[in-house]
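Structure first, then comments.
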Amino acid sequence: MDIASVIGVVVSFALIIGSIVVGGGSLGAFFDAPSVLVVFGGCIAAALMCFPLSTFLGVFGVTKKVFFWKVEPLSDVISQIVSLAEVARRDGLLALESRMGEIDNPFITMGVQMAVDGTRPEVMEDILRTELDAVATRHRDGKALMDCMGRFAPAFGMIGTLMGLVIMLGDMSDPSKIGAGMAVALLTTLYGAVASNCAFLPFAEKLGYTNRQELMIMEIAIRGIMAIQSGENPRIIEQKLNTFVPPKQRVIDQAA
């Protein structure tokens, strides 16, 4: 579980609820079912118009990924590739087949298997980069869905507020109800702003970050596997792949 995402969501809503309570407000006064329907129902309707149904139904999986994502540290990936390079240089490419069970990353497994099978370098790189592009596209769709809902939530909040104001101004026979009517009308704007800035847009940014991390790992894997297949020195491979990592986090294999 990504603790940072959990803390961020909990703290943001805790600050809002805490401010209401400390300010002497009633939490019950901040709930209005029609406002909820306008904002969240409107966001769902807009997303359905912008994306195919299959992409929209994946929103639950996308949301889950915000809280449950696991990306290997870059240093661990580099260490594993360098270790494979040492085996290949010492015992030959075919010796990597006995190490396949130790590889957790399916992308690296696929690349190493092609190298063991003697796939031509240009074909191998083309397949691996096609896989990378496909992953990038899927991730981009998930982020775009969250961005879409983040953009539309405030707009539907404003629509709901305008609807409430029209209803309120259409019946001003009882001036004492104007204040309460105005408060209810403004709730949809509040819901839209909270949904956008405490959920949809931050989720989209986290998905963008995880996407960049995963693509970087795949790029490291491609370059490392291609170098292994070409028979490069493990130390050279290590130095080449370390350029992706900040200096303080770089792998230094003393035995190389």
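The values are calculated or read from the model by the stated rules, or taken from the named source; none is laboratory data. Only a predicted model underlies this, so the values are computations on that prediction, with no experimental measurement involved. With ideal geometry, Cβ positions are generated from the backbone for all residues, glycine too; neighbour counts draw on all protein chains shown.
Can you tell me which residue is modelled with the lowest pLDDT among those in the range 70-79 that are over 20 Å from E205 (Cβ atoms) and surrounded by fewer than 20 Cβ atoms within 10 Å (Cβ to Cβ)? Only one residue fits best here, namely E72. Being surrounded by fewer than 21 Cβ atoms within 10 Å (Cβ to Cβ) and among the hydrophobic types (A, V, I, L, M, F, W, C) is the requirement here; does L187 meet it? The answer is no for L187. Checking the stated criteria, S173 turns out not to satisfy the condition of being among the polar types (S, T, N, Q) and in contact with a helix residue (DSSP H, G or I) (Cβ under 8 Å, 6 or more places away or on another chain). Please indicate, with yes or no, whether at least one residue in the range 159-176 is under 19 Å from L57 (Cα atoms) and part of a helix (DSSP H, G or I). No, because not a single residue in the range 159-176 is under 19 Å from L57 (Cα atoms) and part of a helix (DSSP H, G or I). Checking the range 186-205 against the condition returns a match, with at least one residue being in contact with a helix residue (DSSP H, G or I) (Cβ under 7 Å, 6 or more places away or on another chain), more than 30 Å from G61 (Cα to Cα) and either in a helix (DSSP H, G or I) or among the aromatic types (F, W, Y) (or both). Whether any residue in the range 145-152 is under 26 Å from the mean Cα position of the chain (by Cα), within 21 Å of N211 (Cβ to Cβ) and without any contact (Cβ under 8 Å) to a residue 40 or more places away in the chain is what I want to check. Looking through the range 145-152, none of the residues is under 26 Å from the mean Cα position of the chain (by Cα), within 21 Å of N211 (Cβ to Cβ) and without any contact (Cβ under 8 Å) to a residue 40 or more places away in the chain. Close Cβ contacts (under 8 Å, 6 or more residues apart or on different chains) running from residues in the range 47-69 that are surrounded by 10 or more Cβ atoms within 10 Å (Cβ to Cβ) to residues that are at pLDDT below 85 comprise A47/V59; V66/D2; F67/M1; F67/D2; F68/M1; F68/D2; W69/D2. Among the residues of the range 174-221, the ones that are hydroxyl-bearing (S, T, Y) and under 20 Å from F13 (Cβ atoms) come to 4 in all. Only a single criterion out of (1) in contact with a Leu (Cβ under 7 Å, 6 or more places away or on another chain); (2) without any contact (Cβ under 8 Å) to a residue 24 or more places away in the chain; (3) more than 30 Å from E232 (Cα to Cα) is not satisfied by V87, namely (3). Against the test of being surrounded by 14 or more Cβ atoms within 10 Å (Cβ to Cβ), farther than 19 Å from K240 by Cβ and in contact with a helix residue (DSSP H, G or I) (Cβ under 7 Å, 6 or more places away or on another chain), the options T109, T119 yield a single qualifying residue, T109. Kindly indicate whether P202 is crowded, with 18+ Cβ neighbours inside 10 Å and closer than 30 Å to R120 by Cβ. In short, no.
Within the range 88-98, being closer than 10 Å to V116 by Cβ and buried (at least 16 other Cβ atoms within 10 Å of the Cβ) holds for A88, L93, L96. All of G170, G231, G179 fail the test of being over 35 Å from the mean Cα position of the chain (by Cα) and modelled with pLDDT of 85 or more, apart from G231. Within the range 99-137, the only residue that satisfies the criterion of being among the hydroxyl-bearing types (S, T, Y) and not in a helix (DSSP H, G or I) is T119. Evaluated against (1) touching a Phe, Trp or Tyr at 6+ places or on another chain (Cβ under 7 Å); (2) surrounded by fewer than 15 Cβ atoms within 10 Å (Cβ to Cβ), I3 falls short on exactly one condition, (1).
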